Amino acid sequence: MFLKNIELRGTSMGSPREFQAMLQLVTEARIVPVVSEIHPMEETLRAFDSLQRSSQFGKVVIRVSTGSSDDSMARPTPSSKL
């Protein structure tokens, strides 16, 4: 890392207890993220282009799929398990 001048930064989003409290809040308040676009893995560059242009409003999702036509994770609902 030193010779390649690579910088590694870690981050903590809180303790496990705080994470559980956040999950409980999301569930109880029925908070659902805004999804702007959903791209298949083959369109990853298009998804990143959208982010670079800042043309999205909400999350840009890259679907990692096994080929199933199941769309249950495309638009999370409050009842979806996190």
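Rule-based calculations on the coordinates, nothing more; no lab input. Model, not experiment: these values are computed from the prediction. FYI the Cβ positions are ideal-geometry reconstructions off the backbone, even for glycines, and counts take in every protein chain you see.
The table below gives the values:
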| item | result |
| --- | --- |
| Karplus-derived HN-Hα couplings along region 29-43 (A = 6.51, B = -1.76, C = 1.60, θ = phi - 60°), whole Hz, x at Gly and Pro | 8, 6, 6, 10, x, 7, 9, 7, 9, 10, 10, x, 3, 5, 10 |
| Point-to-point label distance, Ala21-Arg46, nm (Cα→Cβ direction, 7 Å offset) | 4.2 nm |
| Amide H within-cut-off set for Ile62, under 5 Å, with H built and near neighbours excluded | His39 |
| Under Karplus coefficients 6.51, -1.76 and 1.60, residue-wise ³J(HN,Hα) of region 50-59 in Hz, glycine/proline x | 4, 5, 5, 7, 6, 8, 8, 10, x, 6 |
| ³J(HN,Hα), Karplus 6.51/-1.76/1.60, whole Hz, each residue of region 20-26, x for Gly, Pro | 4, 5, 5, 4, 5, 4, 4 |
| For Glu43, net neighbour charge (Lys/Arg +1, Asp/Glu -1) across residues whose Cβ lies under 12 Å away | -1 |
| Linear extension gain, Glu7 paired with Val32, 0.36 nm per residue minus alpha-carbon span | 5.6 nm |
